[in-house]
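Nothing in this text is a laboratory measurement; each read-out follows from the coordinates by a stated rule. Just so we're clear, the structure is a prediction, and the values are computed from it rather than from any experiment. FYI the Cβ positions are ideal-geometry reconstructions off the backbone, even for glycines, and counts take in every protein chain you see.
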Amino acid sequence: MRFLTCTLISLILLTRSMAIAQTGNNYVLLPVGLTADSIVKIAGTVRPDQRQAAWQEMEFTVFFHFGINTFADLEWGKKGIKPGIFNPGELDARQWVRTAKEAGAKLAILVAKHHDGFCNWPSKYTDYSVKNSPWKNGQGDVVKEVSDACREYGLKFGVYVSPWDIHSEVYGSNEYNTYFKNLLTEVLTNYGEVSEVWFDGACGEGPNGKKQVYDWMGYYELIRKLQPKAVIAIMGPDVRWVGTESGYGRETEWSVVPLSLASLESIPANSQHKAGKGIFLPPGDMMQEDLGSRETIKNAQGLIWYPSEVDVSIRPGWFYHSKDDSLVKSPEKLADIYFSSVGRNSVLLLNIPPDKRGLIHENDIKSLRGMRALLDSCFSENLAAGATIIPANGNLKSKGENMTDHNPSTFWTCRKGSNCASFIMELKKISPFNCLSLQENIKNGQRVESFLVEIPDGKAWKVIASGTTIGYKRLLRFPRLQAGMVRIRITSSRQNPEISEIGLYLIPERLVPVTSQKN
């Protein structure tokens, strides 16, 4: 369902000095002749832009796949499906959004148009929309109802608008790009603030057997003009696809990835685009296991902040199918997915497809409520709260308490020039725990490459868990143990590490994987 992603950036020339200013920039063009160590240090200063940082802080978002495919019992659609079958007699977008909010989501993305071409709003540019369905006698607007519900319940609103269209007779022509921009304009101007625009790279044949050369550059420019705060995801410059639809991110997930300028000559062949106003650069295969290690970036000619989104459906399919009612993911599975996506420096995008009634099915709601209850129980008490922090090489201007103040904008760091750090937490009491949460101050970059978690063992320290990247958030699970002191040793970092939050928790044993000590 997903194709290789690409990224759009405007390149600027930077000084050859190692003191490269990164204020406000989410990319860097590397000077020629830098050593591998120098590139690593620069990578530790690349940071998200404002929209990317706000997106990452949401942590958990939802997808609503709903449209004519729901009633045709299809996934990707097919030609000849009449709009008359679209008739959700009990549609309640408030129920959708309320369900998402109760589950803990911060944003809801609606499929406004899928590959089938059917528009979930009464577009003036096509008859293939809700206006020609019996639902509400053609007076309905799903996009409006969902966007209004998001505002009512305090969720951000996003849209998926597929460029592929198996219905439009002009698909495969320049006229289609104009048509698609008109659709985007309607969706992005009539429904308030849009926080995420979601594309995949699907590009199949239209009803005339032709394929379309998408005007990605034109799409991006239009989105930036109409919704400048929105991130453009997956087939876009702001957010990349993690590479699977399993719900599980990489155990080593870098938000800073290499950008090869040598690919400029191959752009027309690889991405259907020519260099022009802004340069359309593929950063490489975003489905590789290693995207940003020292080995991967050592020959990079550029670096860009390009964070990961993990998409997965609560059911086997993306649209609702009654045959899947018994196959909804369990609360335990959903919680495990949370630990393995949000807890691995990614944002979780969970699909919850409304049924033919126009409601989230009872089975889905039951699992979501169970997931929320599990996660609430996991993080109800931070055993690190109130702990005495003893840094081994702390910056005197940076307090250890900054890591337990529930304020992600404050942080602890060691002295500049130190790429290793160590601190001990003296807990208020000897407590059992089996989960560690760490967060970096990503607004200054992603830096930590490896760390160890230790507890006292006689006169020595015993390693109980280890990790590689932290990024926005890292959740480590390990067999339950008990201690009054915990030591965190950051063994490698690209710049002096900046830790914004730390937590110790006792989570249900059934949520601790057997292999968790290898995380």
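Among the lysines, select those whose C-alpha is under 18 Å from the C-alpha of residue 329, and discard any that sit fewer than 8 residues away in the same chain.
Within reach: 366.
Would you mind computing Rg(Cα) / (2.2 N^0.38 Å) for region 388-518, counting N as its residues?
Values: Rg = 13.9 Å, N = 131, 2.2 N^0.38 = 14.0 Å.
Relative to the 2.2 N^0.38 Å estimate, region 388-518 comes out at 0.99.
Kindly provide the chymotrypsin sites (Phe, Trp or Tyr not before Pro) of region 68-131 that DSSP labels as loop, not H, G, I, E or B, and whose Cβ sees at most 16 other Cβ atoms within 10 Å. Provide the component values of the computation, followed by the final result.
Numbers: sites: 71, 76, 86, 96, 118, 125, 128; in loops: 76, 86, 118, 125, 128.
Passing sites in region 68-131 are 76, 125.
Could you put 165, 116 in order, starting from the residue whose Cβ has the fewest other Cβ atoms within 10 Å?
Values: 165 27, 116 23.
So the residues, fewest neighbours to most, are 116, 165.
May I ask which of 106/323; 124/356; 101/443; 101/156; 78/113; 78/101 have a Cα-Cα span longer than 22 Å here?
Details: 106/323 29 Å; 124/356 25 Å; 101/443 26 Å; 101/156 10 Å; 78/113 14 Å; 78/101 33 Å.
Violating the 22 Å limit, Cα to Cα: 106/323; 124/356; 101/443; 78/101.
Which of the GluC sites (Glu not before Pro) across region 369-438 are loop residues per DSSP, with 14 or fewer other Cβ within 10 Å? Please list the in-between numbers first.
Working: sites: 381, 401, 426; in loops: 381.
Counting only loop positions with at most 14 other Cβ atoms within 10 Å, the GluC sites (Glu not before Pro) in region 369-438 are 381.
Taking each pair of different alpha-carbon atoms in region 315-447 once, compute 1/r for the pair, average those values, and report the inverse of that mean as the Kirkwood hydrodynamic radius in Å to one decimal.
Numbers: mean 1/r = 0.0552 Å⁻¹.
In region 315-447 this quantity evaluates to 18.1 Å.
For region 159-217, evaluate the Debye formula with one uniform point scatterer on each Cα (no solvent term) and list log10 I(q)/I(0) at q = 0.17, 0.19, 0.24, 0.25 Å⁻¹, rounded to two decimals.
For region 159-217 at q = 0.17, 0.19, 0.24, 0.25 Å⁻¹, log10 I(q)/I(0) is -0.56, -0.68, -0.99, -1.05.
Let me check I have the definition right: for the chain, take the eigenvalues of the Cα gyration tensor, multiply each by 5, take square roots. What are those semi-axes in whole Å, largest first? Walk me through the numbers before you get to the answer.
On the way: eigenvalues 339, 172, 60 Å².
Working from the Cα gyration tensor, I get semi-axes of 41, 29, 17 Å.
Region 185-233: percent of C-alpha pairs farther apart than 17 Å?
On the way: 501 of 1176 pairs.
Tail of the P(r) past 17 Å holds 43 percent of the pairs.
Which residues does the label zone of residue 332 cover in region 350-385, counting backbone N under 16 Å from a point 7 Å along Cα→Cβ?
367-368, 370-375, 378
By the scheme Lys and Arg +1, Asp and Glu -1, what is the net charge of all other residues having a beta-carbon under 10 Å from that of residue 172? Intermediate values should be presented prior to the final figure.
On the way: positive: 210, 211; negative: 165, 169, 175, 205.
Taking every other residue near residue 172 into account, the sum is -2.
In Å, the Kirkwood hydrodynamic radius of region 381-446 over pairs of distinct alpha carbons? Write down the numbers at each step before the final one.
On the way: mean 1/r = 0.0773 Å⁻¹.
Every distinct Cα pair counted, the radius reaches 12.9 Å.
What is the local net charge at residue 249, summed over the other residues whose Cβ is closer than 14 Å to its Cβ (Lys, Arg +1; Asp, Glu -1)?
Here the count lands on -4.
If the cut-off is a Cα-Cα distance under 16 Å, which lysines reach residue 462, setting aside same-chain residues fewer than 8 apart in sequence?
List returned: 518.
Using the beta-carbon distance between residue 289 and residue 460 and R0 = 22 Å, what value does 1/(1 + (r/R0)^6) give for FRET efficiency, to the nearest 0.05? Before the final figure, lay out each step's value.
Details: r = 34 Å, r/R0 = 1.54.
With a Förster radius of 22 Å, E is 0.05.
Please report the orientation-averaged projected area of region 91-172, defined via the convex hull of its C-alpha atoms, in nm².
On the way: hull surface 22.7 nm².
One quarter of the hull surface, i.e. the mean projection, equals 5.7 nm².
Is it possible to state the helix-based mean residue ellipticity at 222 nm for the chain, with each DSSP H run of 4+ residues giving -39500 (n - 2.57), the sum divided by total residues, to the nearest 500 deg cm²/dmol? What is it? Intermediate results must be reported in sequence, preceding the final value.
Working: 11 runs with 107 residues, N = 519.
Taking each H run of at least 4 residues, the total per residue is -6000 deg cm²/dmol.
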